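Shown next, in structure tokens, is the structure this report addresses.
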Number of protein chains: 2
Amino acid sequence: MAALSFELETTSVGSRARAGKISTDHGEIHTPIFMPVGTVGTVKAVTQQQLKDDVEAQIILGNTYHLYLRPGTEVLEAAGGLHKFNGWDRPILTDSGGYQVFSLAANRKIKEEGVMFQSHIDGSRHLFSPESVMDIQRSIGADIIMAFDECPPYPSEYGYAKKSMELTHRWLDRCIQRLADTPDKYGYTQNLFPIVQGSTYKDLRKASCEYIASKQAVGNAIGGLSVGEPEEMMYEFTELCTENLPVDKPRYLMGVGTPWNILECIDRGIDMFDCVMPTRNGRNGMIFTTEGVINIKNKKWATDFSPIDPGLDNEISRFYTKAYLRHLFVADEILGMQLASLQNLSFYLWLVGEARQHILAGDFASWKTGMVDQVKRRC
Amino acid sequence: MAALSFELETTSVGSRARAGKISTDHGEIHTPIFMPVGTVGTVKAVTQQQLKDDVEAQIILGNTYHLYLRPGTEVLEAAGGLHKFNGWDRPILTDSGGYQVFSLAANRKIKEEGVMFQSHIDGSRHLFSPESVMDIQRSIGADIIMAFDECPPYPSEYGYAKKSMELTHRWLDRCIQRLADTPDKYGYTQNLFPIVQGSTYKDLRKASCEYIASKQAVGNAIGGLSVGEPEEMMYEFTELCTENLPVDKPRYLMGVGTPWNILECIDRGIDMFDCVMPTRNGRNGMIFTTEGVINIKNKKWATDFSPIDPGLDNEISRFYTKAYLRHLFVADEILGMQLASLQNLSFYLWLVGEARQHILAGDFASWKTGMVDQVKRRC
């Protein structure tokens, strides 16, 4: 089995957007790509069959913090890893759990060694260190393992941001060492992506990119954005990072974002995205479509018998009507959350697929401008 | 388009069990059959695609009370009926709403005219009469319309049970008249099933059967059972009813029941069943399988990587493991409810399909004895 590799197929004219192909031991990923988030070993409200057949997902995420607590590494190891446990046989990326434990706020303590935290489920105490988090991700069986980083909030003081970034860099070295000292767990290659931090300080971001680039990892990630800063600032720092990260490695912007965020960041040279927005907002009745954004609970849809999204070549989106989906939300029916999640994920995958086609065709920049307006529209 | 018809294919030896075929304008139904309950226009947590492809449902239920309140007949008529609204193009049976409004207890008042009740959603006041309930079921677009009946609780005094049965009979006449006075709504035939009542009094049940039979409806239902009486009493009264209802018409036992209840009542001559048990209990982690009944939250399944139900020829039941399903329930994930509902409904449809095969093969009685033990087993 082989380490993850990246083939850069084409770069746009008048844009930093690129199309590429990532190869892993669980198959290929065509970039730019959106990765549905499967926090606890399930993309919420979607079966693995639907993820493949309807959504056409190429890679999904798992979450180290959540999977460590439930079902736990013992069960995952007994199953032979998360792929065997949940039946998803395409690539899986796990985030490091750093973001989650920092979100625990009062219930965690950061030290050089790692982070002491209390479970949100039963209050039990645990330590996440760079070493333990690498071990857990090995046990989960991720194809792509994320480095253990500290994600500072926005805004952060310069001094704190700098210290935090340096800690993230020292932790990265420990992650690399730990992976070098331990074998792949289930017979396929597990690949580390380091994470750029540095908050919203240009010199720190640049320094972090340089440090991360020097590690020559098979792919690189940008963390600490989309944490509350203005959208324009997020775009600016995304671009600063892509300018300073290797061209020949995939670039993953963590936790972003809206459909228009994704288009703008593809434009700035990002290859991989993940976000809970299509599923979480979908469960609350916010529907992303090729015609724009819909609040499906709105009375105006009560007798709109047009398909949820006639612009998608997807059975669910075309079979069910807006009126029916609205009814399901008004009546608080589980099927509403299912259909909304399927629609939103299918739309996100459609959007990055279209972007890819336009990058390959050479007209991404002009296509993007129109598409941003279209997907941003409030219907 | 033609009225519902029933072809009795075979009757068992040593049992009252029968196999038959119901023909409706939305297709055929092979009996004995179980009908998944789609209360508010959706079989909870299951897509219409899955109902067809995975569950292989032949007919589903809708609920007059719930559909009248949400989305309301105006929306359903604008859609062209429930089939168009939710995309289910096979037969639909609607219950009359009687059972629901009587369950409202303090918030309803029974008069000769009908039942005044307050909505459980917003407290608004409504009247259900035999006439209005026929009109609503026409608007919903049911293939099989249930008569408006009063379902007395168990136990009921003889005097109350008798008065209630007589009211149900008078209401039946008004239902028949109303349907005669109004046309089918959407170009296909809408067929009335009267309902036998009479609580747990043999003379009343017999009288009710005779009254109902005299109406020569295309099919007949038995109500007021499985409302708290002992299981043996339910079987006894089911048999009493099938002995006194026409042989050449389908017999529908309302709201029953467990897998073993269904087998026992097929044995006593019932052709059609509905129950919320497979979906409701499924959503709470009770899994019906060909191996017996499972409480999937039990710790013993944590590392059981065998399929949910290896005995079913069904992708979902064979693809996912007990350990994964348990994890989904422990982590309170929606997908758990989806998979449990799919498993339980698939199992119920498998069970009645098997029963049918054994009736046709002539060995139903001996097969049933073993199967009751098997499906009742606590795993």
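Please report the spacing between the Cα centers of segment B:339-379 and segment B:30-46 in Å, no decimals. Cα centroid of segment B:339-379 versus Cα centroid of segment B:30-46: 17 Å apart. For segment B:129-166, the residues whose amide N sits under 16 Å from a probe point set 7 Å from the Cα of B:T189 along the beta carbon direction are B:142-146. Normalised by residue count, segment B:262-304 yields a Cα convex hull volume of 76 Å³ per residue. With the cut-off at under 20 Å, measuring from each backbone N in segment B:312-356 to a point 7 Å along the Cα-to-Cβ line of A:N107 picks out B:328-334. Counting only DSSP beta bridges whose two residues both lie in the protein assembly as shown, roughly 50 percent are antiparallel. For segment B:29-120, the Kirkwood estimate of the hydrodynamic radius, built from every pair of different alpha carbons, is 14.4 Å. Against the main long axis of the alpha-carbon atoms of chain A, helix A:364-376 sits at an angle near 70°.
Once you've got the GNM for chain B with C-alpha springs shorter than 10 Å, pick whichever of B:D184, B:D143, B:D309 has the biggest mean-square fluctuation. Answer for the Gaussian network model of chain B: B:D184. With 23 Å as the limit, write out which pairs from B:K44/B:K322; B:K52/B:K299; B:K21/B:K185; B:K44/B:K215; B:K162/B:K206; A:K84/B:K376 have Cα-Cα distances beyond it, or answer none. Over 23 Å Cα-Cα: B:K52/B:K299; B:K21/B:K185; B:K44/B:K215; A:K84/B:K376.
Relative to the other identical copies, B:G370 shows label-point distances of 6.7 nm, where the label point lies 7 Å from Cα along the Cβ direction and values run shortest first. Under 5 Å between amide hydrogens, built in the peptide plane, is the criterion, and for B:V196 it picks out B:A221, B:I222, B:G223 among residues at least 5 positions away or on other chains.
Considering only the Cα atoms of segment B:85-158, their convex hull presents on average a projected area of 6.4 nm². Considering only the other residues whose Cβ falls under 12 Å of the Cβ of A:F34, what net charge follows from Lys and Arg at +1 and Asp and Glu at -1? It works out to a net charge of -3.
Sorted from closest to farthest, the other copies place their B:R318 label points 2.9 nm away, with each point set 7 Å from Cα along Cα→Cβ. Here the peptides B:311-323, B:245-257, A:88-100 are ranked by packing, the mean other Cβ count within 10 Å, and the order with the highest first is A:88-100, B:245-257, B:311-323. Computed over segment B:63-220, the percent of Cα pairs more than 22 Å apart is 41.
Quantify how much of the Cα-Cα distance distribution of segment B:298-344 extends past 18 Å, in percent. Cα-Cα pairs in segment B:298-344 separated by more than 18 Å: 19 percent.
The length gained on full extension between B:K21 and B:K297, counted as 0.36 nm times the residue separation minus their Cα-Cα distance, comes to 95.5 nm.
Helix A:202-214 and the longest principal axis of the Cα set of chain A meet at an angle near 70°. Separation of segment A:226-288 from segment B:159-227 is 62 Å, based on Cα centroids. According to the calculation over all Cα-Cα pairs in the protein assembly as shown, the P(r) per 20 Å bin from zero is 16, 42, 28, 13, 1 %. Label point of A:K297 (7 Å along Cα→beta-carbon): distances to the other copies' equivalent points are 2.8 nm, sorted ascending. With a 10 Å cut-off around each Cβ of B:295-302, the average count of Cβ atoms from other chains is 1.
For segment B:132-179, calculate the relative contact order in percent as a whole number, restricting contacts to Cα pairs under 8 Å that are 6 or more residues apart. Contact order relative to length: 42 percent. Protein heavy-atom accessible surface, 1.4 Å probe, per residue over segment B:1-52: 32 Å². Estimate the FRET efficiency between A:E157 and A:V276 by the formula 1/(1 + (r/R0)^6), using the beta-carbon distance for r and 30 Å for R0, to the nearest 0.05. E(calc), rounded to 0.05, equals 0.60. Highest mean first, the peptides A:101-113, B:349-361 sorted by other C-beta atoms within 10 Å per residue fall in the order B:349-361, A:101-113.
Helical runs (DSSP H, four residues minimum) scored at -39500 (n - 2.57) apiece and divided by the length of chain A put the mean residue ellipticity at 222 nm at -12500 deg cm²/dmol. For Cα pairs less than 8 Å apart in space and 6+ apart in sequence, what is the mean separation divided by the residue count of segment B:72-157, i.e. the relative contact order in percent? Relative contact order of segment B:72-157: 36 percent.
When the accessible areas of B alone and A alone are added and the area of the pair subtracted, with a 1.4 Å probe, the result is around 3200 Å², both sides summed.
Using alpha carbons only, how many degrees (0 to 90, rounded to 10) separate the axis of helix A:130-140 from the longest principal axis of chain A? That works out to roughly 50 degrees.
Across peptide A:327-339, the mean count of Cβ atoms from other chains lying within 10 Å of each residue's own Cβ comes to 6. Panel note: contact residues of segment A:35-52 (accessible area lowered by at least 20 Å² against the chain on its own; 1.4 Å probe) correspond to A:V40, A:T42, A:K44, A:A45, A:T47, A:Q48, A:Q49, A:Q50. Note on the protein assembly as shown: with neighbouring protein chains present and a 1.4 Å probe, carbon and sulfur make up 49 percent of its accessible heavy-atom surface.
Remark on chain B: Rg and Dmax equal 20.2, 62 Å (Cα only).
P(r) tail for segment B:147-208: Cα pairs beyond 13 Å make up 62% of the total. Please label the shape of segment B:118-187 as rounded, prolate or oblate, based on the square roots a ≥ b ≥ c of the eigenvalues of the alpha-carbon gyration tensor (a/c under 1.5 means rounded; beyond that, a/b larger than b/c means prolate, else oblate). In terms of gyration-tensor shape, oblate.
Computed from the alpha carbon atoms alone, the convex hull of segment A:224-379 holds 116 Å³ per residue. In the full protein context, segment B:232-327 carries 32 Å² of accessible surface per residue, based on a 1.4 Å probe and ignoring ligands, DNA and RNA.
Taking a ≥ b ≥ c as the square roots of the eigenvalues of the Cα gyration tensor, segment A:167-286 is oblate, since a/c reaches 1.5 or more and a/b is not larger than b/c. In the context of the full set of protein chains, residues of segment A:64-133 present 42 Å² of accessible surface per residue (probe radius 1.4 Å, heavy atoms only).
Return the Rg/Rh value of segment B:215-276, two decimal places, where both radii are evaluated on C-alpha atoms and Rh is the Kirkwood radius. Here the Rg-to-Rh quotient is 0.93.
For segment B:297-379, the equivalent ellipsoid derived from the alpha-carbon gyration tensor has semi-axes of 28, 13, 10 Å in decreasing order.
Dividing the mean sequence gap of close Cα pairs (under 8 Å, 6+ apart) by how many residues chain A holds gives a relative contact order of 19 percent.
The values are calculated or read from the model by the stated rules, or taken from the named source; none is laboratory data. As the structure is a prediction and not an experimental result, all values here were calculated from the model. Cβ coordinates were reconstructed from backbone atoms using ideal geometry, including for glycine residues, and neighbour counts include every protein chain displayed. Accessible surface is based on the protein model in full, side chains and every heavy atom, while ligands, DNA and RNA are left aside. Shrake-Rupley method; radii C 1.70, N 1.55, O 1.52, S 1.80 Å.
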